[in-house]
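To start, the structure under review is shown below, and the notes come after it.
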Amino acid sequence: MGEKKKGFFKAYLEFNVLYKILIGLAVGAIVGIILASCNVTALPAWISMFGTIFTRLLKMIIIPMIVGSLVVGASSVSPANVGKVGVRIIIIYLITSAIAVVIGLIMGSIFQPHAELAAVEKLAADAAGKVADTNVWSVIYNIIPTSVLSSLVSETVLQVIFFSLLFGMCLSFMKVSKDERIARISNTMFDIFDCLTEIMLKIVAGIMQYAPIGVAVLICEVFAKNGAKVAGALGTVTLACYFGYILHVVLVYGGILKLGGIKIGPFFKEASVPFITAFVTRSSNGTLPKTMQAADNLGVDKEVYAFSLPLGATINMDGTACYQGVCSIFLVMSVYGRMLTFGEMGMLVLLATLASIGTAGVPGAGAIMLAMCMQGLNMPITPGTTMAGAYAMILGVDAILDMGRTALNVFGDLTCTSVVAKKLGFVRKDAIIL
Ligand code: ASP
């Protein structure tokens, strides 16, 4: 049946999403520049609607996606496996992710990537300042929701994260309960959340098929309003991200490998296979077999890497964390015409570190988490606003940013695993490299 009807639609679906989005970006930019040169600064409402639909679809997915993936992420940490190795792995995963956000913020502050978008959203900028103005103590206790349902409805991101993590952690204990009934119902509950996450990922994959059209329209609006000069900002944001990724590898991974007494040359040689695979596939999960093979070649005990690498592919995303730092500076500078305040930066470190737990190891997941971080900073990606246009600019080049960040995510999993394994003596006798 499928063979007979290989029309445009099927050919479109089969064509690589990465190229489709880049084509969408290019077409949108070219048409926008032509419109700007003819002094047409706005698109007719019926065309503009295609961009708004795209932003609404992305916003729709944020909350169910965080809930599903955080519950699954937190409950994948089986208490049976969290011995001294597990605890150390989790701590090092979280610390390196937090450092990655800081590196991203530093790169963002140095490069200051931004597009000078005409309509700086003054009103929204004032509202956006709210996060920094509130005092530290209230930020802390406000993480705890007084009503879970109202946190979900009002999309209060940190509260949703807090509850989802708590929920997931309890679930992980209950899944292995000695009480057969508790274990059974908990596993059913886990399956429900696992299924919820898979459904969300399917929806995201569908939205990504629509992304080229949405991105083209949103980018076209940005260029029509601001002219060709904003194009340079995309180059700067890409450069800032990649500098951040490289710095993280050299400083953080180089540093902990050295501290861990691991020979850097042979380690990098072995890590290059999963690194390149991740770069090309843009999926930590998809790269997992190669990462496991590399850990095995390095001489890490199977009982460690069989637990820590799948966990890392789920909760450890240093590249994604670094990207959040750079891109949120891009968005805030482009839309509100100012830098992030220190308060906002602190909040972002927290949000992006937690977001990395909730980022699925599949292509493009980090971009949804960027929308979540902006929501957490009280600067949501609202359809029809300048923010939606700026976010579309990031999405236009997101595939390129995703290649580097995924490679870093995978490299981080392997580095942390090897260092902890070596420190605690979980290496095979025949390990030459460790
Ligand atoms: N593609 C990334 C990964 O699989 C996640 C992301 O989009 O940041 O690790």
Looking at residue 336, is it within 15 Å of the ligand (Cβ to nearest atom) and among the aromatic types (Phe, Trp, Tyr)?
-> no
If you take the residues in region 229-260 that are touching a helix residue (DSSP H, G or I) at 6+ places or on another chain (Cβ under 8 Å) and free of Cβ contacts under 8 Å to residues at least 60 places away in the same chain, which one is surrounded by the fewest Cβ atoms within 10 Å (Cβ to Cβ)?
-> 258
Examine region 351-369 for a residue that is more than 14 Å from the ligand (Cβ to nearest atom), crowded, with 24+ Cβ neighbours inside 10 Å and under 19 Å from residue 58 (Cβ atoms), and state whether such a residue exists.
-> yes
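Going by the conditions given, is residue 43 surrounded by 14 or more Cβ atoms within 10 Å (Cβ to Cβ) and not in a helix (DSSP H, G or I)? Explain how you work it out, then say what you get.
On the way: surrounded by 14 or more Cβ atoms within 10 Å (Cβ to Cβ): yes; not in a helix (DSSP H, G or I): yes.
In short, yes.
Taking the condition over 30 Å from residue 225 (Cβ atoms), within 11 Å of the ligand (Cβ to nearest atom) and at pLDDT below 95, does residue 283 pass? I'd like the intermediate steps shown before the answer.
Values: over 30 Å from residue 225 (Cβ atoms): yes; within 11 Å of the ligand (Cβ to nearest atom): yes; at pLDDT below 95: yes.
Yes.
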Considering every residue within region 56-65, establish whether at least one is open to solvent by 30 Å² or more (accessible area, probe 1.4 Å) and either farther than 28 Å from residue 154 by Cβ or in contact with a Phe, Trp or Tyr (Cβ under 6 Å, 6 or more places away or on another chain) (or both).
-> no
Residues of region 87-103 being under 14 Å from residue 409 (Cα atoms) and free of Cβ contacts under 8 Å to residues at least 60 places away in the same chain, in sequence order, are 95
Note: among 78, 151, 164, 69, just one is small (Gly, Ala, Ser), in contact with a Leu (Cβ under 7 Å, 6 or more places away or on another chain) and modelled with pLDDT under 95, namely 164
Within region 288-309, identify whether any single residue is hydrophobic (A, V, I, L, M, F, W, C), within 23 Å of the chain's Cα centre (by Cα) and closer than 22 Å to residue 18 by Cα, and answer yes or no.
-> yes
Can you confirm whether region 282-303 contains a residue that is in contact (Cβ under 8 Å) with a residue 40 or more places away in the chain and more than 22 Å from residue 89 (Cβ to Cβ)?
-> yes
What about residue 272, is it within 12 Å of the ligand (Cβ to nearest atom) and either touching a strand residue (DSSP E or B) at 6+ places or on another chain (Cβ under 9 Å) or on the phi < 0 side of the Ramachandran plot (or both)?
-> no
Find the residue count for region 184-205, including only residues that are surrounded by 15 or more Cβ atoms within 10 Å (Cβ to Cβ) and of a type in the set (D, E, K, R).
-> 1
Residue 379 vs. criteria more than 9 Å from the ligand (Cβ to nearest atom) and either under 20 Å from residue 58 (Cβ atoms) or in contact with a Phe, Trp or Tyr (Cβ under 9 Å, 6 or more places away or on another chain) (or both) | yes
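The values are calculated or read from the model by the stated rules, or taken from the named source; none is laboratory data. Please read these numbers as outputs of a predicted model, since none were measured by experiment. Positions of Cβ are backbone-derived with ideal geometry, glycine not excepted, and every protein chain shown enters the neighbour counts. Accessible surface areas use protein heavy atoms only, side chains included; no ligands, DNA or RNA. Shrake-Rupley method; radii C 1.70, N 1.55, O 1.52, S 1.80 Å.
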